[in-house]
Amino acid sequence: MGAVTLVFLIIGGLGVGVLALALLGTELVHFGHPNLDGPVTLEALAAFAGTFGFGGAIASELLHAEGPGPTAAAAGAGVLAAVPAAWLATRLSRAARDMRTDATPTRQHLIGSMGVVVTPIPVTGYGEVRVRVAGQPVKLNAKAEQPLAAGTQIFVIEALSETSVLVEEVPHLSS
């Protein structure tokens, strides 16, 4: 392995290291104002450097780069590989950052939930119920106007707080 290849490999390794840190959210470097995402992201620069380094190293070995001509050709091959990689890194990082997500459930989403009593609810005081909110099981403190035994099917009629609810038993339909 020649010195030119080694330099390209070091550049590639540094690019991969910065890309890993950028994707982990450490934000080592900001270009411009830290709250603005400019035309060149850190992910794009890291992807460019990594691909340029490794692409240049491959070309350097294939061309047996010893002089300025083959070294420039290896660098050109690295740039040709790096530009699409940087573009793709920019697109993927922006897509991940701008991805739409569901709204965070609030206490108002608890009202109308169906569930089951998991810890008996006394006349005075709290028991526990398990309900589904946005498809996820949630265990909450619960009060009721009448005592409810474990296993009773319930309906949430009021959200007293983020972690406690007022429930009533689901009426049984007789056939």
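The values are calculated or read from the model by the stated rules, or taken from the named source; none is laboratory data. Computed from a predicted structure; not experimentally measured. Here the Cβ positions follow ideal geometry from the backbone for every residue, glycine too, while neighbour counts run over all protein chains shown.
Yes/no matrix, rows are residues, columns are (1) on the phi > 0 side of the Ramachandran plot; (2) over 32 Å from the mean Cα position of the chain (by Cα):
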position: VAL118; (1), (2): no, yes
position: GLY125; (1), (2): yes, yes
position: GLY135; (1), (2): yes, no
position: LEU140; (1), (2): no, no
position: GLY151; (1), (2): yes, yes
position: PHE155; (1), (2): no, yes
position: ALA159; (1), (2): no, no
position: GLU169; (1), (2): no, yes
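Output yes when any residue across the stretch 85-97 is in a strand (DSSP E or B), free of Cβ contacts under 8 Å to residues at least 40 places away in the same chain and of a type in the set (D, E, K, R), and no when none is. Before the answer, list the steps.
First, pick out the residues of the stretch 85-97 that are in a strand (DSSP E or B): none.
Within the stretch 85-97 (the criterion being in a strand (DSSP E or B), free of Cβ contacts under 8 Å to residues at least 40 places away in the same chain and of a type in the set (D, E, K, R)), the answer is no, since none of the residues qualifies.
Note on the stretch 133-153: residues that are at pLDDT below 90 and surrounded by fewer than 16 Cβ atoms within 10 Å (Cβ to Cβ) total 3.
The test for being in a loop (DSSP other than H, G, I, E, B), hydrophobic (A, V, I, L, M, F, W, C) and over 30 Å from ALA44 (Cβ atoms) holds for ILE111.
If we scan the stretch 16-23, do we find a residue that is at pLDDT 85 or above and either touching a Cys at 6+ places or on another chain (Cβ under 6 Å) or assigned by TED's automatic domain parsing to the domain that holds TRP87 (or both)?
Within the stretch 16-23, the subset at pLDDT 85 or above is 16-17.
Now drop any that are not either touching a Cys at 6+ places or on another chain (Cβ under 6 Å) or assigned by TED's automatic domain parsing to the domain that holds TRP87 (or both), which leaves 16-17.
Yes - at least one qualifying residue is present in the stretch 16-23.
Of ALA73, ALA103, all but one fail to be part of a loop (DSSP other than H, G, I, E, B) and either out of contact with any Phe, Trp or Tyr (no Cβ under 9 Å at 6 or more places or on another chain) or buried (at least 16 other Cβ atoms within 10 Å of the Cβ) (or both); the exception is ALA103.
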